[in-house]
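Asker: Can you keep this structure in mind? I'll have questions shortly.
The values are calculated or read from the model by the stated rules, or taken from the named source; none is laboratory data. This is a predicted model, so every value here is computed, not measured. Cβ placement follows ideal geometry from the backbone for every residue including glycine, while neighbour counts extend to all protein chains displayed.
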Amino acid sequence: MADFLLELRCEEIPARMQPKAKEDLARLFTDALAKAGLSAGSVETFATPRRLALIAKDLPLATAAVSEETKGPKVGAPPQALEGFLRKMGLTAEQLTERDGVWFAVVEKPGRETAAVLAETIPAIIRAFPWPKSMRWGAASLTTESLRWVRPLSGIIALLDDAVIPCEIDGIASGRTTMGHRFHHSGPVEVANAGTYIETLRAAHVVVHFSERCRLIREGAERAATEAGLTLVADEGLVVENAGLTEYPVPLLGRFDEAFLDVPPEVIQLTARVNQKYFVCEDAQGKLANAFVCTANIDPLDPAVVVDGNRKVLAARLSDARFFWEQDQKTPLAVHAEKLSRITFHEKLGTVADKVERVAKLARWLVEADIVKPVEDTPQAKTKLYNDVQNAAALCKVDLVTEMVGEFPELQGLMGGYYAAKEGLPQEVSDAIRDHYKPVGQGDDVPTAPVTVAVSLADKLDSLCQFFLIDEAPTGSKDPFALRRAAIAVISLVLANSLRFRMQDVLLKAVEDDQEKFEKVFFGHTEKGLGAFFADRLKVQQREAGVRHDLIDAVFALGGEDDLVRLLARVHALQAFVTTEDGANLLAGYKRAANILKKENYLVSSAQAGTQNEGAELGSGLRRNDGIAQTGEEDPLAMVDDPDVGDILAEEARAHSALSYTPEEAEKALIDALDAAAPRAAAAVEAEKFADAMAALATLRAPIDRFFEEVTVNDPDADKRAARLALLARFRDAVHRVADFSRIEG
């Protein structure tokens with residue numbers, strides 16, 4: 001067994017490309033070995049700004065002999081076919097083997113030395129390397145056949161144990177020589193073998209382990225801040241980036257002019273982070289301090305000189321930021337807002353000013369409709385909420401035309417809040433402008449202030465409706481307008497603030513009460529409308545909370561339930577119920593009853609056929625409800641979404657159960673249980689006491705079990721058979737008043 005070292009040295013590799021480059025090197029090397037019949041005990045890769053390296057341990061010294069078998073033509077095939085196969089394989093007919101009426105060419109290939117395999121593999125890997133961006137250089141670059149690499153390649157180390165693997169590419173021959181740190185080590189560095197590589201480079205002031213450089217930066221920055229009596233603002237992304245920019249990282253703390261602290265702290269932090277890759281610090285009170293930590297790529301004799309140079313560069317950047325901050329405040333927000341009409345929101349949806357107008361109108365309606373309510377339930381509080389929502393919505397996008405957001409797009413919303421506060425607007429308004437983009441993704445803070453909730457909800461609902469209206473719904477993995485994230489945000493806002501409304505009512509208002517637009521948006525053309533989209537997003541969001549998707553389907557299937565707060569309360573109660581013994585047994589009884597009714601093609605009466613056509617109209621749930629035609633197999637009662645129709649069917653089922661014979665004890669027990677439980681469950685659902693509804697259903701568990709044990713449904717007596725089928729239909733209907741159990745798995 002032997003160990004192999006490969007180092008590819010070049011000019012600076014961009015930090016963002018290094019992690020993927022390590023993965024690609026390991027993959028290409030492993031695949032190449034596998035094709036040659038080799039495998040290493042372990043493969044480890046390294047990346048610094050000036051080198052990409054790999055160490056493979058426990059490589060065999062040679063490949064094993066292999067026998068390659070190639071299938072040829074059938075015995076008795078035309079002579080031309082056999083001759084062509086022989087030419088291709090370079091064999092004679094006597095060298096072929098016949099098996100099961102087919103000719104095979106069996107070629108014995110002797111083993112090869114690993115060194116020879118590696119000599120072929122190294123140039124192939126270099127030429128096939130998938131850099132996101134690469135370049136050609138020198139005189140050879142005149143031809144497209146010349147070598148491409150991320151930056152000019154300058155050296156190759158290829159060692160199998162102590163021996164150099166001879167290979168050459170683009171005039172660069174392999175060897176055992178590399179270069180150490182650009183400033184801390186002069187002259188070439190010779191590497192004996194893979195085992196000494198890491199320590200040899202460490203002695204030349206190069207830390208090849210990426211994770212070690214990250215640790216040095218993290219610990220050094222924290223230590224520098226602590227020694228100055230400050231707390232480092234943790235930023236793992238900045239740690240990773242600096243590790244990709246340095247081979248010998250040395251964190252150093254510096255100070256900038258306190259006068260810059262008049263600029264919002266987020267601006268200072270973003271300026272330091274984005275432009276200079278610096279960490280920032282906080283004082284004992286948790287406020288931003290006039291301190292930064294830079295990561296030098298040297299261990300300076302006089303750190304003050306390095307720090308001062310970095311301070312001057314940062315000061316220039318902060319001066320620009322302060323200029324933007326002061327310049328933006330010279331123009332009132334209302335004047336800034338006039339410029340929004342010059343920015344296109346979407347070519348089919350008009351300008352940002354048009355969007356703001358739509359958002360303001362919807363946000364005001366959310367207050368008028370008592371969907372978003374003030375903290376205090378007084379007329380004065382509602383009037384103030386209405387006015388604050390109007391102001392916040394009108395100004396929520398205004399910072400898009402400011403100099404600061406032009407420089408730092410990440411600060412949109414945040415800067416608008418600062419400028420609104422500086423202008424003296426109410427805090428509720430400035431907070432809403434600042435936070436109306438929230439929540440942005442899972443885990444982000446969900447606004448709870450009424451003004452912010454109204455504007456944020458209106459903004460996201462407008463985007464969803466408008467983009468669905470112009471057929472820009474997400475497809476597959478593509479979601480250029482982040483509509484999935486917007487839908488999740490709407491659901492989070494609704495649930496976190498217990499907002500009670502029917503989704504259809506709000507979406508109808510979002511398209512300005514245009515019924516035709518609403519139907520296109522909500523239902524779409526192929527069941528891919530916004531209603532189905534919200535249902536799918538709700539499942540995604542609730543899956544992380546441990547809620548089963550089939551239970552959400554079971555409630556959706558009833559229709560008429562697009563109040564998300566009520567819907568999830570129902571789902572949670574259902575989940576708690578089906579995990580109990582009573583719930584599991586009732587589900588089994590339900591499925592048995594439903595299967596019998598389905599097998600018998602049971603309909604309560606001919607009236608049901610007419611009601612099914614009525615049910616084909618646009619349903620009132622989050623999905624279109626087209627009756628039986630939607631599923632092709634669900635039972636009719638499960639798909640009725642009109643409560644009045646359901647009552648008619650239930651009444652007819654009870655009428656059919658008026659018995660012309662003396663029922664058996666188990667049959668009578670189920671009738672009595674249904675008479676008691678069905679109205680209790682229906683009333684509990686109406687009162688939103690879903691746990692009570694489940695408790696009512698639980699009383700049916702024992703009677704339905706006993707019914708199936710003791711009663712023959714398909715009795716030879718036609719009257720008994722009809723009555724018992726009607727009784728099962730009553731049972732099914734009672735269960736469906738709580739949830740469509742046919743959608744529940746298990």
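Here's the yes/no breakdown for (1) polar (S, T, N, Q); (2) under 30 Å from residue 201 (Cα atoms):
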site	(1), (2)
259	no, no
275	yes, no
283	no, no
294	no, yes
316	no, no
323	no, no
345	no, no
362	no, no
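Asker: Being touching an Asp or Glu at 6+ places or on another chain (Cβ under 6 Å) and modelled with pLDDT of 90 or more narrows it down to one residue among 53, 32, 26; which is it?
Answerer: When all the criteria are applied, what remains is 53.
Asker: Can you name every one of the helices (runs of 4 or more DSSP H) wholly within region 664-746 that holds 2 or more residues which are of a type in the set (A, V, I, L, M, F, W, C) and over 19 Å from residue 580 (Cβ atoms)?
Answerer: By residue number, 665-686, 701-710, 718-736.
Asker: In addition: What are the residues in region 681-713 that are free of Cβ contacts under 8 Å to residues at least 40 places away in the same chain and in contact with a Leu (Cβ under 9 Å, 6 or more places away or on another chain), if any?
Answerer: Answer for region 681-713, where residues must be free of Cβ contacts under 8 Å to residues at least 40 places away in the same chain and in contact with a Leu (Cβ under 9 Å, 6 or more places away or on another chain): just 703.
Asker: One residue is enough: does region 137-152 have a residue meeting the conditions over 22 Å from residue 56 (Cα atoms), touching a residue at least 60 places away in the same chain (Cβ under 8 Å) and among the aliphatic types (A, V, I, L, M)?
Answerer: Checking region 137-152: at least one residue is over 22 Å from residue 56 (Cα atoms), touching a residue at least 60 places away in the same chain (Cβ under 8 Å) and among the aliphatic types (A, V, I, L, M).
Asker: Here are the criteria: (1) modelled with pLDDT of 90 or more; (2) buried (at least 17 other Cβ atoms within 10 Å of the Cβ). Tell me which single one residue 675 does not satisfy.
Answerer: In the conditions (1) modelled with pLDDT of 90 or more; (2) buried (at least 17 other Cβ atoms within 10 Å of the Cβ), residue 675 misses (2) alone.
Asker: Can you list residue pairs whose Cβ atoms sit under 8 Å apart, with the first residue in region 71-88 being within 7 Å of residue 103 (Cα to Cα) and the second being in a helix (DSSP H, G or I)? Count only pairs 6 or more apart in sequence or on different chains.
Answerer: That search, which allows pairs on different chains as well, returns 72/82; 72/85; 72/89; 73/81; 73/82; 73/85.
Asker: Looking at the structure I just gave you, is residue 360 under 29 Å from residue 423 (Cα atoms), of a type in the set (A, V, I, L, M) and over 33 Å from the mean Cα position of the chain (by Cα)?
Answerer: So residue 360 fails the test.
Asker: Could you list, in sequence order, the residues of region 459-471 that are buried (at least 16 other Cβ atoms within 10 Å of the Cβ), out of contact with any Phe, Trp or Tyr (no Cβ under 9 Å at 6 or more places or on another chain) and either of a type in the set (Ser, Thr, Tyr) or without any contact (Cβ under 8 Å) to a residue 12 or more places away in the chain (or both)?
Answerer: none
Asker: Scanning region 472-500 for residues that are in contact (Cβ under 8 Å) with a residue 40 or more places away in the chain and of a type in the set (Lys, Arg), which turns out surrounded by the fewest Cβ atoms within 10 Å (Cβ to Cβ)?
Answerer: It comes out as 500.
Asker: Residues 263, 280, 233, 267: which one is closer than 24 Å to residue 407 by Cα, in contact with a Pro (Cβ under 9 Å, 6 or more places away or on another chain) and buried (at least 19 other Cβ atoms within 10 Å of the Cβ)?
Answerer: Every option except 280 fails the conditions.
Asker: List the pairs whose first member sits in region 351-371 and is more than 20 Å from residue 384 (Cβ to Cβ), whose second member is of a type in the set (Phe, Trp, Tyr) and crowded, with 16+ Cβ neighbours inside 10 Å, and whose Cβ atoms are under 8 Å apart, counting only residues at least 6 apart or on separate chains?
Answerer: Qualifying pairs under 8 Å: 351/345; 352/345; 354/345; 355/345.
The rows are residues; the columns are (1) of a type in the set (Ser, Thr, Tyr); (2) more than 16 Å from residue 454 (Cβ to Cβ); (3) part of a helix (DSSP H, G or I).
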site	(1), (2), (3)
488	no, yes, yes
493	no, no, yes
498	yes, no, no
506	no, no, yes
509	no, no, yes
520	no, yes, yes
532	no, yes, yes
535	no, yes, yes
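Asker: Something else about it: Just checking, how many residues over region 422-443 are without any contact (Cβ under 8 Å) to a residue 40 or more places away in the chain and surrounded by fewer than 17 Cβ atoms within 10 Å (Cβ to Cβ)?
Answerer: Qualifying residue count, region 422-443: 4.
Asker: List every residue pair whose Cβ atoms sit under 6 Å apart, with the two residues 6 or more apart in sequence or on different chains, where the first one lies in region 23-52 and is closer than 13 Å to residue 124 by Cβ and the second, anywhere, is assigned to a helix (DSSP H, G or I) and of a type outside the set (Ser, Thr, Tyr).
Answerer: Sorted first by the residue in region 23-52, then by its partner, the pairs are 28/125; 36/117.
Asker: Same structure, new question: Hey, does region 12-19 have a residue that's touching a residue at least 60 places away in the same chain (Cβ under 8 Å), charged (D, E, K, R) and part of a strand (DSSP E or B)?
Answerer: no
Asker: Taking strands (runs of 3 or more DSSP E) that do not extend beyond region 75-162, which have at least 2 residues that are modelled with pLDDT under 90?
Answerer: Once the strands (runs of 3 or more DSSP E) in region 75-162 are filtered for at least 2 residues that are modelled with pLDDT under 90, what remains is 96-99, 102-109.
Asker: Out of contact with any Ser or Thr (no Cβ under 6 Å at 6 or more places or on another chain) and either closer than 21 Å to residue 732 by Cα or without any contact (Cβ under 8 Å) to a residue 40 or more places away in the chain (or both): which single residue out of 523, 577 fits that description?
Answerer: Residue meeting the stated conditions: 577.
Asker: A further question on this structure: Checking residue 262 against (1) within 30 Å of the chain's Cα centre (by Cα); (2) closer than 29 Å to residue 409 by Cβ; (3) touching a residue at least 40 places away in the same chain (Cβ under 8 Å), only one condition comes out false. Which one?
Answerer: Just one mismatch for residue 262, condition (1).
Asker: Could you go through region 456-471 and let me know if any residue there is on the phi < 0 side of the Ramachandran plot and at pLDDT below 90.
Answerer: The answer is no; no qualifying residue exists.
Asker: With 312, 277, 330 as the choices, which residue is touching a residue at least 24 places away in the same chain (Cβ under 8 Å) and of a type in the set (D, E, K, R)?
Answerer: 277
Asker: Can you work out which of the residues in region 220-247 that are among the hydroxyl-bearing types (Ser, Thr, Tyr) and out of contact with any Asp or Glu (no Cβ under 7 Å at 6 or more places or on another chain) is farthest from residue 10 (Cα to Cα)?
Answerer: 226
Asker: Let me ask something else about it. Among the candidates 52, 38, which residue alone is on the phi < 0 side of the Ramachandran plot, over 36 Å from the mean Cα position of the chain (by Cα) and not hydroxyl-bearing (Ser, Thr, Tyr)?
Answerer: The match here is 38.
Asker: Which residue out of 247, 212, 222, 241 is touching a His at 6+ places or on another chain (Cβ under 9 Å), outside any strand (DSSP E or B) and not basic (Lys, Arg)?
Answerer: 247
Asker: Within the set of pairs 6+ apart or on separate chains, which have a first residue in region 380-400 that is more than 14 Å from residue 428 (Cα to Cα), a second that is of a type in the set (Val, Ile, Thr), and C-beta atoms under 6 Å apart?
Answerer: If the second residue must be of a type in the set (Val, Ile, Thr), the pairs left are 397/352; 397/356; 399/405.
Asker: Restricting attention to region 721-741, does a residue exist that is without any contact (Cβ under 8 Å) to a residue 12 or more places away in the chain and either over 20 Å from residue 568 (Cβ atoms) or within 36 Å of the chain's Cα centre (by Cα) (or both)?
Answerer: There is at least one residue in region 721-741 that is without any contact (Cβ under 8 Å) to a residue 12 or more places away in the chain and either over 20 Å from residue 568 (Cβ atoms) or within 36 Å of the chain's Cα centre (by Cα) (or both).
Asker: So how many residues does region 192-209 have that are assigned to a helix (DSSP H, G or I) and aliphatic (A, V, I, L, M)?
Answerer: Number of matching residues: 4.
Asker: Within region 225-234, track down each residue that is part of a helix (DSSP H, G or I) and either without any contact (Cβ under 8 Å) to a residue 40 or more places away in the chain or in contact with a Phe, Trp or Tyr (Cβ under 6 Å, 6 or more places away or on another chain) (or both).
Answerer: Residues satisfying the conditions are 226, 227.
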